[in-house]
Structures are given as C-alpha cells and as structure tokens.
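First up is the structure itself, then whatever we jot down about it.
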Amino acid sequence: MKEKIKWIFLGTGGGRFVVFKGIRKAAGYLIEKDGRYIYIDPGPCALYEILRKKINISKIESIFITHKDLDHSASLNVIVEAITEGGFKKRGKVFLPEDALHPEPILFSYLRESVEEIHILKPEEIIRINGIEFHISPYHIHRDVKCFGFKLPEYSLSFITDTAFDEKLFEFYKGSENFIIHMVLYEPKENVDHLSFLEMEKVINFLNPKNLIITHFGMKVIKANPKDIALNLSKNTGINCIASYDGMEYEFERI
C-alpha cells in the first residue's frame, strides 16, 4: 500500500465578509501523516474546529503560516499555547515569513520561548516538516505582505494560497498533478491580489493539473455556489475539479 497524507479542510472561507459573518469557517488546514499533524494557517476558528474534529492537540507538531493576514494567522498564539500546554512543555515548530515577526510580531514573545524552533521562510528553499519535503515558492503577489505557497513533490501536490496570477510565479508550480488553489473572487478586481473564477480556466491551462481543489471562497463565489463552479470548470477543461467544504478530508498518495 502506498504511503498517503491526508489534507483536512478545517475552514474554506476567504474574504472579510464570509469570514466575519460566519458563512464559512476560517480555520485553515491540517496535513496528517502517520498520526502527526502540520497546521497550515490557523485562522479565527482554529481551536473550535480542532476540538470539533476531536483531534489530539498534542499531535500537532508544526505550524506553517503562509502570510500574516488575520484570516490565516489569528489563532496562532492560541494553538501554540494549546500545544505547549500554556508554555510548560516545550513543543512544536513554527514556520512563517519574516514580516510575521518584524516589525509587528504575530507570535507573542513569551510563546516564542515555548516552541522548539521558529523557522523564517525563504523563497524557493527546501525544508522538511514532519518528514515531508516542502519546496517553498517564490514570493506570492499579495499586497504588501510576504506570502508563500509550496509544493510537496513526493505527492505531486501544489498549494497556491492568496495571490494574483503571474506567469513567472506560476512556473514554479508547473509539473504537479494535484493542486489546492485559493479562489476568493468570482471576477477579478483591480488592486485586489486574489485569484478569481473568471481567471481559473487560464490558470488551469497554464498549470495543466489532473486534479484541482478550489477553496478559500469569498462572498460572490459562495452566492454562485462553489459546487456549480467546480462542475463548470471540470466540463470546460476536462480536469477533475472539486469544490472544498468545511470539514472535508482528501488523501494524496506518495508517487
């Protein structure tokens, strides 16, 4: 049997109105391998969704912050406090961009002493987290914050978080068969660095995936129904496109 990882979609909401009206959760994702977890982007609903899933918090060994926006990092301190049992047990590793610590840190100073390691992410570096090889992207195009996605080549999987479309950036992601892509907008908006449904066929044609999971939906995407959008993309491009939902789990096999 091939080795697998499980991607758990704790929350699939993106954009202020969807998140703060509670239409969908903003809780980020877990990557589970061999009973251990990497937490990607613990947003405002993180602790509640972990408890609701009955996940043992002590099994969360690493936290990865793609960028410091609140819907991606608001519960970072809460999760670190939980896995270190209030700082009494030195546990966990935190991976985050440089501007998440300077000049305005999103991780409290007393909690920085509680974790085993804080790793400042660098463009296009290769690191191992919980036994998985992460290839960190170049900087995403996302306003004035440092923002990273990543590839997991062992699983032919790429994760494209918040960004505008840019061919030079997206060249980094080419070659993966499986993609998880943030699609906040229904249509492009000037000076808003997020991907939209109306751009997604162009993105698909450029990346040539076999499987695509869309997630991190804004209000207009929710109103248009993500399932219908995914069916439309599958029909028009011939790929397998899935609309994520809060609590969804999906497995990826090692190649």
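Here, each number is a calculation from the coordinates, and none is a lab measurement. Just so it is clear, the structure is predicted and the values come from calculations on it, not from any experiment. Neighbour counts are summed over all protein chains in view; Cβ atoms, including those assigned to glycine, are modelled from backbone coordinates with ideal geometry.
Do we have residue 124 as in contact with a Pro (Cβ under 7 Å, 6 or more places away or on another chain), loosely packed, with under 15 Cβ neighbours inside 10 Å, acidic (Asp, Glu) and in contact (Cβ under 8 Å) with a residue 24 or more places away in the chain here?
Numbers: in contact with a Pro (Cβ under 7 Å, 6 or more places away or on another chain): yes; loosely packed, with under 15 Cβ neighbours inside 10 Å: yes; acidic (Asp, Glu): yes; in contact (Cβ under 8 Å) with a residue 24 or more places away in the chain: yes.
Yes: the conditions hold for residue 124.
Report yes if residue 87 is at positive phi and under 20 Å from the mean Cα position of the chain (by Cα), otherwise no.
Values: at positive phi: yes; under 20 Å from the mean Cα position of the chain (by Cα): no.
Criteria not met by residue 87.
Can you name every residue in segment 193-211 that is touching a strand residue (DSSP E or B) at 6+ places or on another chain (Cβ under 6 Å) and closer than 12 Å to residue 182 by Cβ? Steps first, please.
Step one: list which residues in segment 193-211 are touching a strand residue (DSSP E or B) at 6+ places or on another chain (Cβ under 6 Å), which gives 194, 196, 209, 211.
Passing the criteria: 194, 196.
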> Which residues, counting only those in segment 133-177, are buried (at least 16 other Cβ atoms within 10 Å of the Cβ) and β-branched (Val, Ile, Thr)?
Replying inline: 136, 145, 160, 161, 163
> If you check 61, 85, which single one turns out to be touching a strand residue (DSSP E or B) at 6+ places or on another chain (Cβ under 9 Å) and over 30 Å from residue 21 (Cβ atoms)?
Replying inline: 61
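Would you mind stating whether residue 99 is within 24 Å of residue 142 (Cα to Cα), in contact (Cβ under 8 Å) with a residue 60 or more places away in the chain and not small (Gly, Ala, Ser)? Give the steps one after another, and end with the answer.
On the way: within 24 Å of residue 142 (Cα to Cα): yes; in contact (Cβ under 8 Å) with a residue 60 or more places away in the chain: no; not small (Gly, Ala, Ser): yes.
Judged against the criteria, residue 99 is not a match.
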>> Looking at (1) among the β-branched types (Val, Ile, Thr); (2) out of contact with any strand residue (DSSP E or B) (no Cβ under 7 Å at 6 or more places or on another chain); (3) within 26 Å of residue 31 (Cβ to Cβ), which one does residue 237 not meet, given that it meets all the others?
In response: (3)
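For residues that are basic (Lys, Arg) and part of a loop (DSSP other than H, G, I, E, B), scanning just segment 124-151, find the one that is nearest to residue 99 (Cα to Cα). Give the steps one after another, and end with the answer.
The initial filter retains those residues of segment 124-151 that are basic (Lys, Arg), namely 128, 143, 146, 151.
Filter once more, keeping what is part of a loop (DSSP other than H, G, I, E, B): 143, 146.
Values: 143: 13, 146: 7 Å.
Among those that are basic (Lys, Arg) and part of a loop (DSSP other than H, G, I, E, B), it is 146.
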